[in-house]
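Undergrad: Okay, handing you the structure first.
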Amino acid sequence: MKRFGISLISLLLASSPVWAMTGDETFLHAQSAYQSRNDTQLAADANQLHAQNHVLAAYADYWLMLLKLSTSDKATVQAFLTQNADYPFADKVRAEWLKALAKRQEWSDFFEELPRYKRDDLAVTCYAIEGRAKGGDVIALAEGRVLWMTSVEQPSNCNNVFDLMQQSKLLTQDDIWARFRLAMQDGKLALAKTVIQRDESVNKSQLKLIDSVYQNPQTALDKKTIPHKTHLGRALNLYAIDRLARTEFDEAMTTWRKVINAFEEDEKAYMWGRLAMHAARRHDDSALELYSKVKNIELDKDQLAWKVRAALLVKNWVVVQTTIADMPQAQQEEDVWRYWRGRAYKELRDVPKANAMLVPLAREHTYYGLLAEEEFERR
């Protein structure tokens, strides 16, 4: 009888208004359960929120779905996505579901779901390339080159794509060293170390050289502590000269001319491009002369942009026009380069081509659109 009385009191207390949570309190409790990955408590909170007709009840379902996604079957996930199609979190669940399918190597279900995914997610993109490649799509891995050539660290699963590219010889030694240089010049040491270990000639004991050159490039050059005999040694010396050129351009040029013969042709082209850009940035008269030592195809987007600016300073319209023409298509279509290419054609008295560039631009309500419009008013 005593035990019955205690149980009754407990039941009454639990159901009394003093102990019951409000809808908002239940929602916060559900959020806490999600953060601690307590799916049992989260499920109970979700049921309570629906019983209370809380406006955010669906978000508790969303959190619960994320926790259970790795063990959920296709029918369960599809039912959730259909029921919550109008909520902004639906595509988030779809992205995580695609990743789960890819990790399981369930490529058929992955590619069935992929067309419904409307956002950009590099991890999903890499899984798609991996799945296509493993399914025999010979073109897929070629698309991975765009993902490779960046100083931004990609999601870890993108390494699966890079591994396949390297195995199929689509990722070459030159590609590895090009990304290494890119990572170094942007100060991404961790990425640089990861990338360079794809070259079997580099062992882990050499990675400490990267830290020493990064910390004091001037000392590395003065004391000649990094030999030019290895690919890594040459790459680090190039990096040290590049760093020096940012603040002591003349000294960097002197150092480069002393050691240039120790480098291979592609390394020389890389360094001339970097030095030319530094010269252009400081409005140095030697900029275009330095740019003439390297082909436009060997320059990156920033180097091409600064070459145009250097040519504009001296009104070399031929260089302005040809350099913009050699930019990647997306860069050419930027307003600034559309305008200056049109101006170059106008200065070179090629009126039809000038009009083809400037007339459409003049109709656009942008800064360079206004400049293009003024070109016609000055006629």
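None of the figures in this text is laboratory data; all of them are computed from the coordinates on show. Please read all numbers here as calculations on a predicted model, not as lab measurements. FYI the Cβ positions are ideal-geometry reconstructions off the backbone, even for glycines, and counts take in every protein chain you see.
Undergrad: What is the percent of Cα-Cα separations in segment 273-353 that go past 22 Å?
TA: The calculated P(r) of segment 273-353 puts 18 percent of pairs beyond 22 Å.
Undergrad: So what is log10(I(q)/I(0)) for segment 145-257 at q = 0.09, 0.11, 0.20, 0.22 1/Å, when the Debye sum runs over its Cα atoms only?
TA: For segment 145-257, the Cα-only Debye profile gives -0.25, -0.37, -1.06, -1.22.
Undergrad: How tilted is helix 158-167 with respect to the longest principal axis of the chain? Cα atoms for both, answer in degrees (0 to 90, nearest 10).
TA: Rounded to the nearest ten degrees, it is 50.
Undergrad: Calculated from DSSP H runs of 4 or more alone, at -39500 (n - 2.57) each and per residue, what is the 222 nm mean residue ellipticity of the chain, nearest 500? Display every interim value, and only then the final one.
TA: Values: 24 runs with 259 residues, N = 379.
Roughly -20500 deg cm²/dmol at 222 nm, from the helical runs in the chain.
Undergrad: Report the gain in length on full extension from T247 to Q329: 0.36 nm times residue separation, minus Cα-Cα distance, nm rounded to one decimal. Don't jump to the answer; show the numbers that get you there.
TA: Numbers: separation 82, 0.36 × 82 = 29.52 nm, distance 3.24 nm.
Extra length available between T247 and Q329 comes to 26.3 nm.
Undergrad: Right, another one. Run the paramagnetic zone check for H283: 7 angstrom along Cα to Cβ, then residues of segment 311-331 with backbone nitrogen under 17 Å.
TA: 311-316
Undergrad: Calculate the FRET efficiency for Y87 and T150 from the Cβ-Cβ distance with a Förster distance of 30 Å, rounded to the nearest 0.05.
TA: Numbers: r = 33 Å, r/R0 = 1.09.
Approximately 0.35, to the nearest 0.05.
Undergrad: Which part of segment 341-367 falls in the paramagnetic zone of L312, meaning amide N under 11 Å from the point 7 Å along Cα-to-beta-carbon?
TA: 341, 343-344
Undergrad: Moving on to the next point. Excluding V294 itself, what net charge comes from residues whose Cβ is under 15 Å from its Cβ, given Lys and Arg +1 and Asp and Glu -1?
TA: Numbers: positive: R181, K268, R274, K293, K295, K301, K307; negative: D242, E264, E265, D266, E267, E289, E298, D300, D302, D326.
Charge balance in the 15 Å sphere: -3.
Undergrad: Order of 33-39, 160-166 by packing, highest average Cβ count within 10 Å first?
TA: Working: 33-39: 15.0, 160-166: 19.7.
Ranking the peptides 33-39, 160-166 by packing returns 160-166, 33-39.
Undergrad: Let me ask something additional. Hey, can you rank 179-185, 134-140, 343-349 by average C-beta count inside 10 Å, highest first?
TA: Working: 179-185: 22.6, 134-140: 11.7, 343-349: 17.4.
Peptide ranking by packing, descending: 179-185, 343-349, 134-140.
Undergrad: Sticking with the crude label model, points 7 Å out along Cα→Cβ, report the distance from S205 to K169 in nm, one decimal please.
TA: Simple spin-label model gives 3.3 nm for this pair.
Undergrad: Using only Cα atoms and rounding to the nearest 10 degrees, what angle (0 to 90) does helix 2-15 make with the longest principal axis of the chain?
TA: Tilt relative to the chain: about 40 degrees.
Undergrad: Then there's this: Based on C-alpha coordinates, I'd like the Rg and Dmax of segment 318-360, in Å.
TA: So, for segment 318-360, Rg and Dmax equal 9.3, 26 Å respectively.
Undergrad: Give, as a single signed number, the net charge of other residues whose beta carbon lies under 15 Å from the beta carbon of V124, with Lys and Arg counted +1 and Asp and Glu -1. Spell out each step's value before the answer.
TA: Numbers: positive: K92, R94, K99, K103, R104, R116, K118, R119, R132; negative: D91, E96, E106, D109, E112, E113, D120, D121, E130, E143.
Result for the local shell: -1.
Undergrad: Compute the acute angle (0 to 90°) between the alpha-carbon long axis of helix 57-68 and the principal axis of greatest extent of the alpha-carbon atoms of the chain; round to the nearest 10°.
TA: 70
Undergrad: Sticking with this one: If you take every residue apart from A57 with its C-beta less than 13 Å away from the C-beta of A57, what net charge results, scoring Lys and Arg +1 and Asp and Glu -1? Before the final figure, lay out the partial values.
TA: Working: positive: none; negative: D24, D45, D61.
Cβ neighbours under 13 Å give a net charge of -3.
Undergrad: Continuing with the same structure: When the chain is fully extended, how far beyond the present Cα-Cα distance does H50 get from A79, taking 0.36 nm per residue of separation? Before the final figure, lay out the partial values.
TA: Numbers: separation 29, 0.36 × 29 = 10.44 nm, distance 1.75 nm.
Result for the pair: 8.7 nm of gain on full extension.
Undergrad: By the gyration tensor of its Cα atoms, with a ≥ b ≥ c the square roots of the eigenvalues, what is the shape of segment 17-71: rounded for a/c under 1.5, prolate for a/b over b/c, or oblate?
TA: Numbers: a/c = 2.39, a/b = 1.70, b/c = 1.40.
Judged from the Cα gyration tensor, segment 17-71 comes out prolate (a/c at least 1.5, a/b above b/c).
Undergrad: Which residues in segment 42-69 have a backbone N closer than 17 Å to a point placed 7 Å from the Cα of D24 along the Cα-to-Cβ line?
TA: So the set is 49, 52-57.
Undergrad: Listed highest first by mean packing, meaning other Cβ atoms within 10 Å per residue, what order do 326-332, 121-127 come in? Could you put the intermediate results ahead of the total?
TA: Details: 326-332: 12.6, 121-127: 19.3.
Packing proxy ranking, top to bottom: 121-127, 326-332.
Undergrad: When the Kirkwood hydrodynamic radius is evaluated over all pairs of different C-alpha atoms of the chain, what value in angstrom, to one decimal, is obtained? Write out the running numbers ahead of the final one.
TA: Working: mean 1/r = 0.0382 Å⁻¹.
Kirkwood hydrodynamic radius for the chain: 26.1 Å.
Undergrad: While we're looking at this one, here's another question. Taking 51 Å as R0, compute the FRET efficiency from the Cβ-Cβ separation of S72 and T366 and round it to 0.05.
TA: Details: r = 48 Å, r/R0 = 0.94.
After rounding to 0.05, the efficiency reads 0.60.
Undergrad: Specify the inter-centroid distance of segment 246-317 and segment 162-239, based on alpha-carbon positions, in whole Å.
TA: For segment 246-317 versus segment 162-239, the Cα centre distance is 21 Å.
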